[in-house]
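To start, the structure itself, in structure tokens.
The values are calculated or read from the model by the stated rules, or taken from the named source; none is laboratory data. Just so it is clear, the structure is predicted and the values come from calculations on it, not from any experiment. Cβ coordinates were reconstructed from backbone atoms using ideal geometry, including for glycine residues, and neighbour counts include every protein chain displayed.
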Amino acid sequence: MTRKHAVASMLSLLASVLAAVMLNAVITAWITVKVWVDSWLAVRRKFRYAATEGTSCAMGVATPLAINLAAMSEAAAFDSTDYKALVCIFLYGGNDYANTVVPYDAANYALYHQIRGGGAGEDQAGIAIARADLAATALTPLAPQTLTDNLQYALNPQLGGLKTLWDAGKLAVQLNVGPLVKPTTLAQYLSTNRVANPLPPKLFSHNDQQSVWQSNGTEGSTVG
């Protein structure tokens with residue numbers, strides 16, 4: 001075999017290999033798209049079925065919550081002339097909830113300051129925000145006070161923009177949201193009787209609780 005023929009043979013072999021690789025990539029991509037489309041259509045069917053049955057929504061146990069919400073929103077948009085989207089923003093990281101929405105009424109601010117400021121008073125101390133600094137962002141409902149025991153909250157002073165939305169009636173604060181199975185006291189938490197006092201899985205594991213919020217399963221779970 002001449003050198004010219006050898007080079008031609010090698011090029012031919014290389015072309016065959018590249019063609020096979022490209023064909024495999026195309027097949028893989030097609031399968032991936034088909035699986036995604038089939039999954040999306042299945043969720044859409046669930047949503048439409050739930051709607052006709054009079055239920056509020058259908059959450060597939062084996063489908064992550066974010067994907068479910070996205071699929072439901074797409075499904076709703078197909079047939080709606082007044083479509084509105086619910087945008088869910090998941091904040092990763094260590095947001096300090098008690099310094100975002102801060103107890104403001106005198107009794108509960110005192111408890112907040114005792115825990116976060118290390119003692120009595122209303123001045124800035126420790127990581128407690130001074131009560132006077134919360135006056136401008138105190139949340140006063142448009143209707144008469146609806147929280148028990150005259151409980152009142154204020155936004156962090158840096159969240160003045162959100163306070164503007166609140167005052168315009170375009171913002172609400174949802175309290176007591178979390179993965180607890182039921183209201184739990186410290187004694188119930190410390191109890192070893194998990195039948196009477198059930199707890200969410202891996203309650204104080206930050207990454208697992210993120211997974212629970214998004215998919216109803218802990219990190220690495222094969223369902224949820």
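Of note:
- Residue 129 modelled with pLDDT of 95 or more, more than 22 Å from the chain's Cα centre (by Cα) and among the β-branched types (Val, Ile, Thr): yes
- Residue within the range 197-210 that is basic (Lys, Arg) and on the phi > 0 side of the Ramachandran plot present: yes
- Residue tally, condition free of Cβ contacts under 8 Å to residues at least 12 places away in the same chain and of a type outside the set (A, V, I, L, M), over the range 134-187: 15
- Tally, over the range 88-132, of residues that are part of a loop (DSSP other than H, G, I, E, B), touching a residue at least 60 places away in the same chain (Cβ under 8 Å) and surrounded by 12 or more Cβ atoms within 10 Å (Cβ to Cβ): 0
- Taking the range 176-211 as the range and being surrounded by fewer than 10 Cβ atoms within 10 Å (Cβ to Cβ) and assigned to a helix (DSSP H, G or I) as the test, the residues that pass are 186, 187, 190.
- Candidate set: the range 162-175, residues that are over 14 Å from residue 134 (Cα atoms) and under 22 Å from the mean Cα position of the chain (by Cα); chosen: the one surrounded by the fewest Cβ atoms within 10 Å (Cβ to Cβ): 174
- Which listed residue, of 135, 120, 125, 154, is small (Gly, Ala, Ser) and out of contact with any helix residue (DSSP H, G or I) (no Cβ under 7 Å at 6 or more places or on another chain): 135
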